[in-house]
Amino acid sequence: MDAVQKEVTLYGLGDHQSCIDEIIEELDLGAHAFEVKLILMEAVINAYHHGNLGDCTKPIHIRYLLKDKQLHLQVEDCGGGGGKVSIPEKLDDANLLEEGGRGLYLIRCFSDRVEMIQNALHISKCLNEA
């Protein structure tokens, strides 16, 4: 398969699920659909609530590249949330049901690399045979 590289822009959460489903279908990621959908859903929701502060007039950019079974995702918001973003490596049992942190934790669990650079979450995942 040739490399596929594209960008889509969302405003709010009105059609984010169908957009993510279309990305998974376009990249033929059926065997990895659960993980990729979870990663993108959590990243987009986080961008909307924390980066764009729930403002549906601010864009969320999803950039994706699939090349040689390596998936690179970038979810960028407008950066209105402020503060340093910490991507947890583990969750304490005492904080398991607390608001905040679980989405980024799940992204880390299902990805090979996650990094926040300015207002963009950079995610890499190797798509070995399932």
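Confirm whether Glu25 is at pLDDT 95 or above, more than 14 Å from the chain's Cα centre (by Cα) and either closer than 18 Å to Ala120 by Cα or part of a helix (DSSP H, G or I) (or both). Before the answer, list the steps.
Values: at pLDDT 95 or above: yes; more than 14 Å from the chain's Cα centre (by Cα): yes; either closer than 18 Å to Ala120 by Cα or part of a helix (DSSP H, G or I) (or both): yes.
Yes; evaluated as a whole, the condition is true for this residue.
If you go through segment 57-67 and pick out every residue that is touching a residue at least 60 places away in the same chain (Cβ under 8 Å) and loosely packed, with under 15 Cβ neighbours inside 10 Å, you end up with 1.
Within the span defined as segment 38-45, one or more residues are touching a Phe, Trp or Tyr at 6+ places or on another chain (Cβ under 6 Å), at pLDDT 95 or above and of a type in the set (Val, Ile, Thr).
With the condition kept exactly as written, say whether any residue in segment 85-92 is polar (S, T, N, Q), surrounded by fewer than 16 Cβ atoms within 10 Å (Cβ to Cβ) and at pLDDT 95 or above. Quick ask: steps written out before the conclusion?
Within segment 85-92, the first condition is being polar (S, T, N, Q), and the residues that meet it are 86.
This time we only want the ones that are surrounded by fewer than 16 Cβ atoms within 10 Å (Cβ to Cβ), so: 86.
Within this subset, residues satisfying the condition of being at pLDDT 95 or above are none.
No.
Any residue in segment 108-119 that is modelled with pLDDT under 85 and either on the phi > 0 side of the Ramachandran plot or in contact with a helix residue (DSSP H, G or I) (Cβ under 6 Å, 6 or more places away or on another chain) (or both)? No, there is no match, as no residue in segment 108-119 is modelled with pLDDT under 85 and either on the phi > 0 side of the Ramachandran plot or in contact with a helix residue (DSSP H, G or I) (Cβ under 6 Å, 6 or more places away or on another chain) (or both). Picking from residues in segment 1-56 that are touching a helix residue (DSSP H, G or I) at 6+ places or on another chain (Cβ under 9 Å) and among the small types (Gly, Ala, Ser), the one that is surrounded by the most Cβ atoms within 10 Å (Cβ to Cβ) is Ala43.
The values are calculated or read from the model by the stated rules, or taken from the named source; none is laboratory data. What you see is a predicted model, and the numbers here were worked out from it, not measured in a lab. Positions of Cβ are backbone-derived with ideal geometry, glycine not excepted, and every protein chain shown enters the neighbour counts.
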